[in-house]
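The structure appears below as structure tokens.
The values are calculated or read from the model by the stated rules, or taken from the named source; none is laboratory data. All values reported here derive from a predicted model rather than from experimental measurement. Ideal geometry is used to build each Cβ from the backbone, glycine not excepted, and the neighbour counts take in all protein chains shown. All accessible areas refer to the heavy atoms of the entire protein, side chains included, with ligands and DNA or RNA removed. Shrake-Rupley method; radii C 1.70, N 1.55, O 1.52, S 1.80 Å.
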Amino acid sequence: MTEASANADGIAICSITIKLNGEPRTLEVYPWTTLLDMLREQLDLTGTKKGCDHGQCGACTVLLNGKRINACLTLAIMHDGAELTTIEGLASEDGLHPMQTAFVTHDAFQCGYCTPGQICSAIGMVAEGRAQSADDIREQMSGNLCRCGAYPNILAAIEAAMPETRNRVGVFEAGASADGHDGVREVKP
Amino acid sequence: MNPFSYARPTRIDEAISLFGPQSRYIAGGTNLLDLMKENVERPKQLIDITGLPLDSIEETADGGVRIGALVSNADLAWHALIERRYPLLAKAILAGASPQLRNMASTGGNLLQRTRCYYFYDSTVPCNKREPGTGCPARDGLNRMHAILGHSEQCIAVHPSDMCVALAALDAVVHVSGPQGERRVDFRDFHRLPGDEPERDNTLAEGELITAIELPAAGYAEHSAYLKLRDRASYAFALVSVAAALDIDGGVIRSARIALGGVAHKPWRDDAAEASLIGEAAEPPAFDRAAQLLLQGASGFEHNAFKIELARRAIKRALAEAARGTAA
Amino acid sequence: MNHSPVGQPLDRVDGPKKVTGQARYAAEFPEAGLLYGSVVNSRIAKGRIIRIDASAAEAVPGVALVLTHQNRPPVASYDEPYEDDDAGDGSPFRPLYNDRILYSGQPVALVVADNLELARYAGSLVEIEYAAEPHHTDLRARLDTAHQAEVDLPPARGDAAQALSEADIRLDLEYSTPVEHHNPMEPHASTVHYLAGGQLEIHDKTQGVQNCMRYLEGVFGMEGQIRILSPFTGGAFGSGLRPQYQLVLATMAALKLKRSVRVALKRQQMFTFGYRPRSIQRLSVGADSSGRLRALTHQAIGQTSSFEDFTEHEVEWTGMLYDCPNVKLNYQLVPLDVYTPLDMRAPGAAIGVYALECAMDELAYAAGVDPVQLRLSNYSERNQNQDLPYSSKALRECYEQGAERFGWSQRSPEPRSMREGNQLIGWGMATGVWEALQMPASAKARMGGDGKLVVSSATADIGTGTYTVMTQIAASALGLPMERVDFQLGDSSLSTAPLEGGSATVSSVGSAVQQACAGLQQKLLDAVQQMPASAFAGARLEDVDFADGSMTLKADPQQAVELEKIIAAAGELEVEVSIEPGEQRDNYATATHSAVFIEVKVDEALGTVKVSRAVSAIAAGRVINPKTAGNQIVGGVVWGIGMALHEETQMDHNLGRFMNHNLSEYHIPVNADIGEIDVLFVEEHDEVVNQLGSKGVGEIGIVGVAAAVANAIYHATGKRVRGLPITLDKLLQDASE
């Protein structure tokens, strides 16, 4: 991160570089720009949603160094050098991510506004490797509100996509930090 | 959020020397940014401490564990050492917030969470904690979530943390660095009651930084329970929570710890209540007595008086569960 | 072979866009140089603004405007332009109109800046001095000011008072329900694109693009210069039925600055407009000793604002659902210093049927009759409010099939008779009912040279599946695969559609789509007959089939012409139709019904409740898409669970302000609150309700659920809690350990 310029108040606009959906991006951000506003307003990546802006709904869930976080409650400036995956970065040339496909086939949404956050959260949850039962999934997906009430279908979609998602992402070793300073270590699926 | 400047030191002494009159340290940011967006906190400078070397979990020479202040709540709860030796702490952490927030929030930051009192959060209404001297509308207003113990004329807010309830029960020690050097604070002395200074949540001095939490060797791994009662099944703050830890030998209690969450401005413990259990059979009559002692002096308001009875039952249930053995 | 997509559980056609983040909502349409508005809201509940000092806010770099009632552009001064399609009687709220404060949270200023966070910060610097006046926000404290609601209640039948006095069993009960807020996941937002000619193209979160267009045209005197777009709506549940204040504020700022402006509300501000009103309901039930109803009275008192009367169908259901000779209904309103309530999922029914169905459960216990049996023995074949037969009513089948699926016959009738360790088990049930409405609607169908069918209407898809079911209806009509049909909505320039609400979209717009496609069939037939040596010469529409992309002669299936070829010969064909509800409906009552069965587990000592199992049996006519319709019902059940156990917007009456205005303290169910939900659609054939025979499913899913949960809790605990939500403290009282 470098200080690029300062405005009239002496507040610095800083330049950060992040690997966003696999592509290195260098951006100028104010210190108060949240990761969420950076995505939505500066980069026009509006797939990550703003439902509450206070970490109370999960619609802004993204994968930061592979771990699910609320993009609304963190500052962009704090993530220089980080790796960020948003809903826009999940599908590949081969098609949709299995979690995305499962959400469609199980009709795991209605209005679709919480959906990107649900999908990113579900992938993050699979990587955490702590959900062993339906009740575990329900509990561990409780950070993502769905006002349409599609929870049973969300559960069904996640159960269906879990094995293939696990094969893709691997499972984190306990103790790896969210900011990935010591690297996100994958263990064999 | 108001405009602010930002710094990211890499050494502890550097962080402390950067701290000015309207500075705040930021790590996970999950509560600070939340409050800044509502104009409850208006720092002129944020000091990002995530570059400090405070993110490890290590065993101490006397058999305890030292947890770096920057270890995330999730990593702490799922750390093998914590799961095995301090399951009470792991369970309390996992009962709080959401998986996303637990991935972000730091151990040190968890201690510094501010109350969820509605009035504190709404900067258009009076609140003695937010703006001393403006009054406490919660006393005659919406006080269902509020304190039944240790409240004052000025403030009836409660501390919202789950993790801290377990840390209180486990007799954790907070390591602090500041302009005056380093010091250790016993957990029970870390948070404070509101009294006449409700704006102060804890005993940290200006510019002091939490560097680590130390757990003593006794983890009560065999007999502990964390019970949280709330208005929905997950992702809600506690109405009442109980961290119960027992050391039982042949059915007789040798040592006991009970801490309550959601009932006071700090995690609530009572020495007499814990002492009353020692030498007793780990059975309901002893639990009932301990609950009565713990709740001595409790008083509620219009909407939260139920918490006294709820807490009594929750204490008994948690002690009974702990006596049965820590749940898998 | 015609594989009609209608009735198939197809995936949503907009699914791929929604799971990849490509579906754009109102605040997600970019424009270079876009300005951001942040709303400042009143902190007092009643009074006047006496001074506004915006100088500090204006001094923040990047701030373009601080808009208040003192410097806003001119707006209409009569009520009429403000009376949108969902307005009640009275004088609608006018944002930034003058210095009067009518409720806490009222918008009083808009700060516009080139950076979102700076706009918000500058908003905190706007100093407003108020002259506060005493306010009233507590319904119960103001019951003495209640007035009769201006609604056409069915006339009293029989003599309820007399029948009650003579009844073997008489119950007098009071139920209460709290204020609830819609809280769709997408906060309300408007992006106003200021076009070169001064016209406005606006992306708005709404359930009625044309409602918003007409409203803005009237308020700003901009006839023909406004287009509203809303391709995706992140939930609404009624919150988008009326134009909300951010639309007006964003438009004002755009007109003032001649620039494009976006205003997105914060979650806290989602508590500063419409909501489900608090209610106090009194029911008296008279029955013979076997539980046969002799008399019902239902009196509801709801809250409204000081400036408009909000009414909903709250008590009518009590005169309609059961066979009862003596019925008296009454509905009153209490004006308070609050914003006007707003239709919210199954408005009126959600709370009115809650009270009725709890009362029926109380009657079942008083009479010693099984709750399902009680309802069967009071079954109504006619809607006695209207004295009309139902066009169809498979409620009996809902009771039977729902009970069977749930295992109701295994229920032990006594309260507190089923348990598992610390948990008391309770099984409860209730009936649900909703109107099967149809509104006038239009649609256009067009087939061009690419062989694609484009069908359109200015309706909305708020997650209800409109895109998908309309595509199915059109594809079915013309025998095309789903991929060759494109349904367009959410654009005020499209064919006229009613508000998307009341479970009437399939019935109204779906019928129009079907008719438009039928018109296109005729045009295709006409065109094919113009082709040289046409085998279809003399054929009428009933003589041909549309299947597999072709038109086929029924009498000689070898005679088939691909639709693309007809278009190639005839050129693009287009049909627009407007349809009215059929006259055949006049002689019938039309309604959807449900039977809801709920299992709860209640911790005996701690009072925590978990809904472990739900079965919802639905009679809603023909189901166009069981997958999306089933999801609607599941969502309704989740809403009902939230209503029963969690939801309540809490007002501090001293401050006159809602205080739990966030998603942390306004509890909606999370995933962990929801157990198994089993939805079944019973067969129901209806040729009267509309040509599709389909009744709509958006509302029926919630109706009855809260009552079924409350009844299950009674069965589990023996405790009757008559005020929602049933939080653990209410169960703690008197509960024995």
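For this structure, a couple of remarks:
- Sole residue being assigned to a loop (DSSP other than H, G, I, E, B) and facing chain C (nearest Cβ under 10 Å), chosen from B:Thr124, B:Thr115: B:Thr124
- Pairs where the first residue, in the range B:263-282, is within 16 Å of B:Asn202 (Cα to Cα) and in the same structural domain as B:Ile308 (by TED's automatic domain parsing) and the second is at pLDDT 95 or above and surrounded by fewer than 21 Cβ atoms within 10 Å (Cβ to Cβ), C-beta under 6 Å, 6+ apart: B:Ala264/B:Gly150; B:His265/B:Gly150; B:His265/B:Leu193
- Any hit, the range B:225-232, residues being more than 26 Å from A:Arg138 (Cβ to Cβ) and either surrounded by fewer than 22 Cβ atoms within 10 Å (Cβ to Cβ) or more than 21 Å from the chain's Cα centre (by Cα) (or both): no
- Residue that is nearest to the chain's Cα centre (by Cα), among those in the range B:302-314 that are open to solvent by 50 Å² or more (accessible area, probe 1.4 Å) and of a type in the set (D, E, K, R): B:Glu309
- The range B:30-60, residues that are under 19 Å from B:Val176 (Cα atoms), part of a loop (DSSP other than H, G, I, E, B) and either within 12 Å of chain A (Cβ to nearest Cβ) or over 23 Å from the mean Cα position of the chain (by Cα) (or both): B:Ile49, B:Thr50, B:Gly51, B:Leu52, B:Pro53, B:Leu54, B:Asp55, B:Ser56
- Boolean, A:Leu43 is in contact (Cβ under 8 Å) with a residue 40 or more places away in the chain and either under 21 Å from C:Ile462 (Cα atoms) or in contact with a strand residue (DSSP E or B) (Cβ under 9 Å, 6 or more places away or on another chain) (or both): no
- Each residue in the range C:659-691 was checked for being within 22 Å of C:Gly635 (Cβ to Cβ), more than 14 Å from every other protein chain (Cβ to nearest Cβ) and either assigned to a loop (DSSP other than H, G, I, E, B) or charged (D, E, K, R) (or both), and 2 pass.
- Of the listed requirements (1) assigned by TED's automatic domain parsing to the domain that holds B:Asn304; (2) within 28 Å of B:Glu274 (Cα to Cα); (3) touching an Asp or Glu at 6+ places or on another chain (Cβ under 9 Å), B:Arg230 misses just one: (3).
- Enumerated strands (runs of 3 or more DSSP E) restricted to the range C:19-129, each holding at least 2 residues that are among the β-branched types (Val, Ile, Thr) and over 15 Å from C:Leu257 (Cβ atoms): C:35-41, C:47-53
- Residues of the range B:1-34 that turn out to be open to solvent by 30 Å² or more (accessible area, probe 1.4 Å) and aliphatic (A, V, I, L, M), as a count: 2
- Within the range C:347-379, the set of residues being in a loop (DSSP other than H, G, I, E, B) and either of a type in the set (Asp, Glu) or under 29 Å from C:Phe237 (Cβ atoms) (or both) comprises C:Pro347, C:Gly348, C:Asp370.
- Of all residues in the range A:41-52, exactly one satisfies the criterion of being closer than 16 Å to C:His188 by Cα and open to solvent by 10 Å² or more (accessible area, probe 1.4 Å), namely A:Lys50.
- A:Gly124 open to solvent by 10 Å² or more (accessible area, probe 1.4 Å) and either more than 8 Å from every other protein chain (Cβ to nearest Cβ) or at pLDDT 95 or above (or both): no
- Scanning the range C:204-225 for residues being open to solvent by 10 Å² or more (accessible area, probe 1.4 Å), farther than 30 Å from C:Ala349 by Cβ and not small (Gly, Ala, Ser) gives a total of 5.
- Checked against the criterion of being outside the structural domain of C:Gln691 (by TED's automatic domain parsing) and part of a strand (DSSP E or B), the candidates C:Ala443, C:Ala430 yield just one match: C:Ala443.
- Just one of the listed residues (C:Val334, C:Val327, C:Val369, C:Val353) is open to solvent by 10 Å² or more (accessible area, probe 1.4 Å) and of a type in the set (Val, Ile, Thr), and it is C:Val369.
- Residue within the range C:647-656 that is farther than 30 Å from B:Ile308 by Cβ and open to solvent by 10 Å² or more (accessible area, probe 1.4 Å) present: no
- Test result for B:Ile258, surrounded by 19 or more Cβ atoms within 10 Å (Cβ to Cβ), within 21 Å of the chain's Cα centre (by Cα), modelled with pLDDT of 95 or more and under 20 Å from C:Leu732 (Cα atoms): no
- The residues of the range C:512-535 that are open to solvent by 20 Å² or more (accessible area, probe 1.4 Å) and either farther than 30 Å from C:Pro498 by Cα or touching a Lys or Arg at 6+ places or on another chain (Cβ under 7 Å) (or both), listed by number, are C:Asp526, C:Gln529, C:Gln530, C:Met531, C:Pro532, C:Ala533, C:Ser534, C:Ala535.
- Taken over the range B:121-143, the residue count meeting the criterion of being open to solvent by 30 Å² or more (accessible area, probe 1.4 Å), among the hydroxyl-bearing types (Ser, Thr, Tyr) and either within 15 Å of C:His661 (Cα to Cα) or within 24 Å of the chain's Cα centre (by Cα) (or both) is 2.
- In the range C:693-735, the qualifying residues are those that are charged (D, E, K, R) and touching a helix residue (DSSP H, G or I) at 6+ places or on another chain (Cβ under 9 Å), and the one that is most open to solvent (accessible area, probe 1.4 Å) is C:Arg722.
- For the range B:2-14, filtering for residues that are touching a residue at least 24 places away in the same chain (Cβ under 8 Å) and either within 14 Å of chain A (Cβ to nearest Cβ) or in contact with a Phe, Trp or Tyr (Cβ under 6 Å, 6 or more places away or on another chain) (or both) leaves 8.
Residues checked against (1) away from every other protein chain (no Cβ under 14 Å); (2) touching a residue at least 12 places away in the same chain (Cβ under 8 Å); (3) part of a helix (DSSP H, G or I):
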site	(1), (2), (3)
C:Leu173	yes, yes, no
C:Ser176	yes, yes, no
C:Ser190	yes, yes, no
C:Ile202	yes, yes, no
C:Gln207	no, yes, no
C:Val219	yes, yes, yes
C:Glu223	yes, no, no
C:Arg227	yes, yes, no
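- Verdict on C:Ser260 being within 18 Å of C:Val63 (Cβ to Cβ) and of a type in the set (Ser, Thr, Tyr): yes
Residues checked against (1) hydrophobic (A, V, I, L, M, F, W, C); (2) open to solvent by less than 20 Å² (accessible area, probe 1.4 Å):
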residue: B:Gly262; (1), (2): no, yes
residue: B:Asp271; (1), (2): no, no
residue: B:Ala275; (1), (2): yes, no
residue: B:Phe287; (1), (2): yes, yes
residue: B:Gly300; (1), (2): no, no
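- Scan of the range C:14-39 for residues that are touching a residue at least 24 places away in the same chain (Cβ under 8 Å) and more than 10 Å from every other protein chain (Cβ to nearest Cβ), ordered by number: C:Ala26, C:Glu31, C:Gly33, C:Leu35, C:Gly37, C:Ser38, C:Val39
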